[in-house]
Amino acid sequence: MNTKKELEKKDWHYYVYEENNNITLSVPIPKPAPGFDVIHTLSDYEKEKYLQIGIKALEERIQDMNDNFYNYQMNSWR
């Protein structure tokens, strides 16, 4: 059975989920309209660092997702 579990969140900044032994980072962005969730599945290295030191390990990734959102999977809020 697939269950998506929220590991942590900071509303309107980031959400971290675990599903099928993968950890996914979701960053909401209001622009371009109508707004999107920018999605990234952590690499093995990122996952290992996240499990060791927490969200601090993903700060650069979150910034990149905000700056270069077109390089990532995007789910529209509509």
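The values are calculated or read from the model by the stated rules, or taken from the named source; none is laboratory data. Computed from a predicted model, the values in this text were never measured in an experiment. Reconstructed Cβ throughout: ideal geometry from the backbone, glycine too, with neighbour counts over all protein chains shown.
Among the polar types (S, T, N, Q), assigned to a helix (DSSP H, G or I) and closer than 15 Å to Trp12 by Cα: does that describe Gln52? For Gln52, the condition - among the polar types (S, T, N, Q), assigned to a helix (DSSP H, G or I) and closer than 15 Å to Trp12 by Cα - is not met. Any residue in region 21-41 that is closer than 21 Å to Glu6 by Cα, outside any helix (DSSP H, G or I) and modelled with pLDDT under 95? So far as region 21-41 goes, yes, one or more of its residues are closer than 21 Å to Glu6 by Cα, outside any helix (DSSP H, G or I) and modelled with pLDDT under 95. Looking across region 1-47, not a single residue is in contact with a His (Cβ under 7 Å, 6 or more places away or on another chain) and small (Gly, Ala, Ser). Return yes or no: is Arg78 crowded, with 16+ Cβ neighbours inside 10 Å, touching a residue at least 24 places away in the same chain (Cβ under 8 Å) and charged (D, E, K, R)? Criteria not met by Arg78. Test Asn68 against the stated conditions and say whether it is at pLDDT below 95, farther than 16 Å from Lys9 by Cα and either over 12 Å from the mean Cα position of the chain (by Cα) or not charged (D, E, K, R) (or both). Here the answer is no, as Asn68 does not meet what is asked.
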